[in-house]
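Dumping the structure here so I can ask a few things about it.
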Amino acid sequence: VEAVLRKLHEDTFGPRLPWAPEGRRWHAGFTHLVGYGAGYYGYAWCRGLSAQVWRSAFSRDPLDRDAGERLRRAVLAPGNARDPREMLEDLLDGEALSLDAYADQILGDAAGAGDADSGR
């Protein structure tokens, strides 16, 4: 199997990407596939929720004291004592969590509009 994979690798990549040193079996392991997907999904979900919080609570005035106090009371003060979904929905005055703001942000980035709505 090793010889077949080596030939396939060399035929595909040539000298641009040399074959791994003897004794290394990169093709038999899946460490490059484990963990990253879940971590990235978590990152993307958090970015989506933060885009919704930004749009709903802070986009009009990032320094609004009332919005900051709502964030403190609804999310920061309870810490890990409440379900995160409930805390965010309280902060958003019952608005259902969605990824619409994140999708708008991504589509704006793809169109070259930048992150005008994200606060960056």
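Name the residues in the range 68-87 that are assigned to a helix (DSSP H, G or I) and out of contact with any Asp or Glu (no Cβ under 9 Å at 6 or more places or on another chain), would you?
Within the range 68-87, Gly68, Glu69, Leu71, Arg72, Leu76, Gly79, Asn80, Ala81, Pro84, Arg85, Glu86, Met87 meet the criteria.
Of all residues in the range 12-39 being modelled with pLDDT under 75 and among the hydroxyl-bearing types (Ser, Thr, Tyr), which is surrounded by the most Cβ atoms within 10 Å (Cβ to Cβ)?
Of everything passing the filter in the range 12-39, Tyr36 is surrounded by the most Cβ atoms within 10 Å (Cβ to Cβ).
Can you pull out every residue in the range 88-102 that is loosely packed, with under 15 Cβ neighbours inside 10 Å and either among the aliphatic types (A, V, I, L, M) or assigned to a helix (DSSP H, G or I) (or both)?
Ala96, Asp100
Go through the range 50-67 and give me each residue that's part of a helix (DSSP H, G or I) and either more than 14 Å from Asp93 (Cα to Cα) or touching a strand residue (DSSP E or B) at 6+ places or on another chain (Cβ under 8 Å) (or both).
Ser50, Ala51, Arg65
Also, quick follow-up: Anything in the range 42-87 that is under 14 Å from Ser98 (Cα atoms) and either in contact with a Lys or Arg (Cβ under 6 Å, 6 or more places away or on another chain) or open to solvent by less than 70 Å² (accessible area, probe 1.4 Å) (or both)? List them, or say none.
Ala44, Arg47, Gly48, Leu49, Ser50, Ala51, Gln52, Val53, Trp54, Ser56
The values are calculated or read from the model by the stated rules, or taken from the named source; none is laboratory data. Computed from a prediction, not measured in an experiment: that's the story for all the values here. With ideal geometry, Cβ positions are generated from the backbone for all residues, glycine too; neighbour counts draw on all protein chains shown. When the accessible area is computed, the model is the full protein with side chains, heavy atoms only, and any ligands, DNA or RNA have been set aside. Shrake-Rupley method; radii C 1.70, N 1.55, O 1.52, S 1.80 Å.
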